[in-house]
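S.K.: Pasting a structure below so you can have a look.
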Amino acid sequence: MPTDTVQDAAPQEKTLPTAVTPERLEKISAAAYRIRHHALNMGEVQGQGYVGQALGAADMLATVYGDQLNFRAEDPHWDARDRFLLSTGHYAIGHYAALAEAGIVPVEELETYGSDDSRLPMSGMSTYTPGMEISGGSLGHGLTIAVGMALGLRCQGSSARIFNFLSDGELDEGSTWEAAMGAHHHQLGNLTAMVDINALQADGKTDTVLRTEPVTEKWESFGWYTQRVDGNDVGALLAAFDNAAAQATAVGRPSVILCDTKVGRGVPLLENREKAHFMRIEENEWQICREQLTAGYEGKASA
Amino acid sequence: MSTTTEAPDTAAAAAPPAKPKLKTSAMIASFADPGQKTSNAPFGHALVNAAQENDKIVGLTADLGKYTDMHIFAQAFPERFFQMGMAEQLLFGAAAGLAETGLVPFASTYSVFAARRAYDFLCLDAAEPNLNVNIVGGLPGLTTGYGPSHQATEDMAIFRGMPNLTIVDPCDSIDIEQAVPQLAASEGPTYLRLLRGNVPTVLDEYDYTFELGKAKVLRGGNDVVFISSGLMTMRALQAAKALAAHNVDVAVVHTPTIKPFDAETVLKEINTDRLAVTLENHSVVGGLFETVASAVVTAGVGKRVVPIGLPDQFLDAGALPTLHDRYGLSVDRIVAKVLSELG
């Protein structure tokens, strides 16, 4: 087996929940920092974009790519890989940063983000980018595809797991709940949904657009193993993913990790800015953002 | 409903006893003529046969297994069949997911639900990545008397705009039996306009085999050329026989693949002095007629083409024989139309 994979253990060997050690915390926090840094650089190339979402979701992406997913960086189509499905196509900026962090996309390629002929379009598409499993963007699709993949892999004897990243806005879509029912009906214990609850959608705060709460009770009532955590707390994320992994099985309850996150997390300038789905950042602010990000990360690391 | 064709009984008190009205349930399971040779559930049996050869084939449905002949496959391969419930977005999203793992899904529901309700999922999850997802749509065109909720009169119009999608409109059980393995073998997504239940067997009387992407000349004729697809090819063949009694010699060209369309074969047949008529179980908007018309215009052929198809309107509920006659799909109406065109 190649040595440059994040996790390449035989998937049949079920790993029991391991302790959230300082080493794991440090490793994932550092990865999240780099993902945020990449996202700011990519945002600067475009002059604007979904930087707020990328910063908010960086800890989730770092945890799943850095600690949970079984994949081969040099062979993104490896049959036995775990699948990570990004339904929220506009989060691609964060996903590309995670793919770079994982060694699937070269870091130097990130500067092509959203440019003509780039493999990294503004909205994520499987037909463009290695490691991108589906074309998201039309919201509410990801979990339905994930159900099919989970069924398909299970019936072919694969023990790979399927992770679907979705946003709280996608909980507006009826198809998400069709899929939630389907996953429970078919007992897709190999499926884990991770929902970024940043409480913000295109037209404003989620509770003013279409109230989705109580979210935890909804997923529980659909029969899913449901956890809700601070999605910007790496320790809490690791523990939640460990719990989900511990009960993942070919036939069993699907699991969901509801992650409350903060748009712009890690950059106070953006955290405190009026929240917007599509955040405008002035030309002179990118460097300030990077400096604030680094100061915050180093301050926390040395504390 | 037009009151001129269906006068209320109360208005005819003094009139002689009216012919009993046909019931909607007439022909509910089959549009076969009385005594016609049929084959039961050809799609279900063809899928079972194909699945015996190809272990990647799986089947799924949205609570319409028994009504799309998918139950035959489900009984034969329970471990390769997935019931997705009455959730068409899930049905086709999951079909795409199954195809992503290397399987070859056939996903069935009614055409109205596939085309109208789940379009976005088929378009982006199956067609854009060009996955081998096979859509099986029951009740295409006017094959039910339930009214617009179930009559997919514009399904081909909706689907023709979807890049990568192959569209097949089979005539009979022979077409379906031969098409299924070819759909499984072809790359990319396909849409099959399913004929279910007791499906007429018609094309065995002709020197015919189904070839994906090919139109076939079923019979020659000097006066008229019919270009037809789906069950209208059966009607076209019947009308051609009936027109012979009027000394009208009719050729029939069957075009079961609507997209990609075999324009070469069709143009060769159209570009003659014969009266050219298209026949389809679909709205005259966006289906076979417009496919032929665009091929004719693109080739610069100056030729009039007469459409026989469903009108651009929401259709009545009722019994299929009544409705087919009302909307011009019956053999009698085809014959009358051709005779009037020939003057």
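The values are calculated or read from the model by the stated rules, or taken from the named source; none is laboratory data. Keep in mind it's a predicted model, so treat the numbers as computed, not measured. FYI the Cβ positions are ideal-geometry reconstructions off the backbone, even for glycines, and counts take in every protein chain you see.
S.K.: Find the residue count for the stretch B:115-130, including only residues that are aliphatic (A, V, I, L, M), at the interface with chain A (Cβ under 10 Å from one of its Cβ atoms) and out of contact with any Phe, Trp or Tyr (no Cβ under 9 Å at 6 or more places or on another chain).
M.R.: 1
S.K.: Name every residue in the stretch A:157-180 that is in a helix (DSSP H, G or I) and either within 16 Å of A:Leu200 (Cβ to Cβ) or out of contact with any helix residue (DSSP H, G or I) (no Cβ under 9 Å at 6 or more places or on another chain) (or both), in order of residue number.
M.R.: Step one: of the stretch A:157-180, the residues in a helix (DSSP H, G or I) are A:168-172, A:174-180.
Listed by number, the residues that qualify are A:Asp168, A:Gly169, A:Glu170, A:Leu171, A:Asp172.
S.K.: Same structure, new question: Consider B:Leu142 against the criteria (1) away from chain A (no Cβ under 14 Å); (2) surrounded by fewer than 24 Cβ atoms within 10 Å (Cβ to Cβ); (3) part of a loop (DSSP other than H, G, I, E, B): it satisfies all of them except one. Which criterion is unmet?
M.R.: Among (1) away from chain A (no Cβ under 14 Å); (2) surrounded by fewer than 24 Cβ atoms within 10 Å (Cβ to Cβ); (3) part of a loop (DSSP other than H, G, I, E, B), the lone unmet condition for B:Leu142 is (2).
S.K.: Of a type outside the set (Gly, Ala, Ser), at pLDDT below 95 and in a helix (DSSP H, G or I), is that true of A:Thr208?
M.R.: yes
S.K.: For the stretch B:180-228, give me every one of the strands (runs of 3 or more DSSP E) that falls completely inside it and has 2 or more residues that are under 22 Å from B:Tyr67 (Cβ atoms).
M.R.: The qualifying strands (runs of 3 or more DSSP E) are B:190-193, B:198-200.
S.K.: Cβ contacts < 6 Å: first residue farther than 28 Å from A:Ile145 by Cβ, restricted to the stretch B:122-150; second residue at pLDDT below 95 and assigned to a helix (DSSP H, G or I), any location; separation 6+ or different chain. Result?
M.R.: B:Gly145/B:Leu320
S.K.: Same structure, new question: Consider only pairs whose beta carbons are under 6 Å apart and that are at least six residues apart or on different chains; among these, list those whose first residue lies in the stretch A:25-54 and is of a type in the set (A, V, I, L, M) and whose second residue is assigned to a strand (DSSP E or B).
M.R.: Once the first residue is of a type in the set (A, V, I, L, M) and sits in the stretch A:25-54, its partners that are assigned to a strand (DSSP E or B) give A:Val51/A:Met279.
S.K.: Can you go through B:Ile176, B:Ile158 and tell me which one is under 23 Å from A:Ser135 (Cα atoms), β-branched (Val, Ile, Thr) and assigned to a helix (DSSP H, G or I)?
M.R.: Among B:Ile176, B:Ile158, only B:Ile158 is under 23 Å from A:Ser135 (Cα atoms), β-branched (Val, Ile, Thr) and assigned to a helix (DSSP H, G or I).
S.K.: A further question follows. If B:Asn247 satisfies all but one of (1) surrounded by 14 or more Cβ atoms within 10 Å (Cβ to Cβ); (2) on the phi > 0 side of the Ramachandran plot; (3) modelled with pLDDT of 95 or more, what's the number of the condition it fails?
M.R.: (1)
S.K.: Name the pairs: first residue in the stretch A:237-259 and surrounded by fewer than 24 Cβ atoms within 10 Å (Cβ to Cβ), second residue in a loop (DSSP other than H, G, I, E, B) and among the β-branched types (Val, Ile, Thr), Cβ to Cβ under 9 Å, at least 6 apart or on different chains?
M.R.: A:Ala239/A:Val20; A:Asp242/A:Thr15; A:Asp242/A:Thr18; A:Asp242/A:Val20; A:Ala245/A:Thr15; A:Ala246/A:Thr15
S.K.: Any idea which residue in the stretch A:91-134 is farthest from A:Gly52 (Cα to Cα), counting only those that are polar (S, T, N, Q) and within 14 Å of another protein chain (Cβ to nearest Cβ)? Can you show your working first?
M.R.: Quick first cut of the stretch A:91-134, residues polar (S, T, N, Q) only: A:112, A:115, A:118, A:123, A:126-127, A:129.
Applying the additional criterion that residues be within 14 Å of another protein chain (Cβ to nearest Cβ) yields A:123, A:126-127, A:129.
On the way: A:Ser123: 15, A:Ser126: 23, A:Thr127: 25, A:Thr129: 22 Å.
Ranking the qualifying residues of the stretch A:91-134, first place goes to A:Thr127.
S.K.: Moving on to the next point. So which residues in the stretch B:71-90 are more than 11 Å from chain A (Cβ to nearest Cβ) and either under 22 Å from A:Ile145 (Cβ atoms) or surrounded by fewer than 24 Cβ atoms within 10 Å (Cβ to Cβ) (or both)?
M.R.: Answer for the stretch B:71-90, where residues must be more than 11 Å from chain A (Cβ to nearest Cβ) and either under 22 Å from A:Ile145 (Cβ atoms) or surrounded by fewer than 24 Cβ atoms within 10 Å (Cβ to Cβ) (or both): B:His71, B:Ile72, B:Ala74, B:Gln75, B:Ala76, B:Pro78.
S.K.: Another question, then. Kindly list, by first and then second residue, each pair from a residue in the stretch B:59-73 that is of a type in the set (Phe, Trp, Tyr) and part of a loop (DSSP other than H, G, I, E, B) to a residue that is surrounded by fewer than 21 Cβ atoms within 10 Å (Cβ to Cβ) and at pLDDT below 95, limited to pairs with Cβ atoms under 8 Å and residues at least 6 apart or on different chains.
M.R.: No pair meets every condition.
S.K.: Give the stretch B:112-129 a look and list any residue that's buried (at least 24 other Cβ atoms within 10 Å of the Cβ), within 22 Å of A:Asn164 (Cα to Cα) and among the hydrophobic types (A, V, I, L, M, F, W, C), or say none.
M.R.: B:Ala118, B:Phe121, B:Leu122, B:Ala126
S.K.: Just to check your reading of the model, which residue among A:Glu271, A:Glu291 is modelled with pLDDT of 95 or more, over 30 Å from B:Leu98 (Cβ atoms) and not aliphatic (A, V, I, L, M)?
M.R.: Just one listed residue meets the conditions, A:Glu291.
S.K.: Considering the stretch A:181-205 alone, what residues qualify as being assigned to a loop (DSSP other than H, G, I, E, B) and within 25 Å of A:Gly56 (Cα to Cα)?
M.R.: The answer is A:Asn198, A:Ala199, A:Ala202, A:Asp203.
S.K.: Does A:Ser87 fit the bill of being in contact (Cβ under 8 Å) with a residue 40 or more places away in the chain, crowded, with 20+ Cβ neighbours inside 10 Å, of a type in the set (S, T, N, Q) and more than 9 Å from chain B (Cβ to nearest Cβ)?
M.R.: Judged against the criteria, A:Ser87 is a match.
S.K.: May I ask you to list the residues in the stretch B:216-230 that are more than 13 Å from B:Thr278 (Cα to Cα) and under 19 Å from the mean Cα position of the chain (by Cα)? So that I can check it myself, show each step before the final result.
M.R.: The first filter runs over the stretch B:216-230 and keeps only residues more than 13 Å from B:Thr278 (Cα to Cα), leaving B:216-223.
Those that are more than 13 Å from B:Thr278 (Cα to Cα) and under 19 Å from the mean Cα position of the chain (by Cα): B:Lys216, B:Val217, B:Leu218.
S.K.: Of everything in the stretch A:167-181 that's more than 9 Å from every other protein chain (Cβ to nearest Cβ) and acidic (Asp, Glu), which residue is surrounded by the fewest Cβ atoms within 10 Å (Cβ to Cβ)?
M.R.: For the stretch A:167-181, the residue satisfying everything is A:Asp172.
S.K.: Quick one: how many residues across the stretch B:91-111 are more than 9 Å from chain A (Cβ to nearest Cβ) and crowded, with 24+ Cβ neighbours inside 10 Å?
M.R.: So the answer is 6.
S.K.: Report yes if A:Leu139 is more than 7 Å from chain B (Cβ to nearest Cβ), in contact (Cβ under 8 Å) with a residue 40 or more places away in the chain, outside any helix (DSSP H, G or I) and not small (Gly, Ala, Ser), otherwise no. Reasoning before the result, please.
M.R.: Working: more than 7 Å from chain B (Cβ to nearest Cβ): yes; in contact (Cβ under 8 Å) with a residue 40 or more places away in the chain: yes; outside any helix (DSSP H, G or I): yes; not small (Gly, Ala, Ser): yes.
Yes, satisfied.
S.K.: Looking at the stretch A:150-166, can you tell me whether even one residue there is on the phi > 0 side of the Ramachandran plot, in contact (Cβ under 8 Å) with a residue 40 or more places away in the chain and within 14 Å of chain B (Cβ to nearest Cβ)? Spell out how you get there, then give the answer.
M.R.: First, pick out the residues of the stretch A:150-166 that are on the phi > 0 side of the Ramachandran plot: A:157.
The next check asks that each one be in contact (Cβ under 8 Å) with a residue 40 or more places away in the chain; those that pass are none.
There is no residue in the stretch A:150-166 that is on the phi > 0 side of the Ramachandran plot, in contact (Cβ under 8 Å) with a residue 40 or more places away in the chain and within 14 Å of chain B (Cβ to nearest Cβ).
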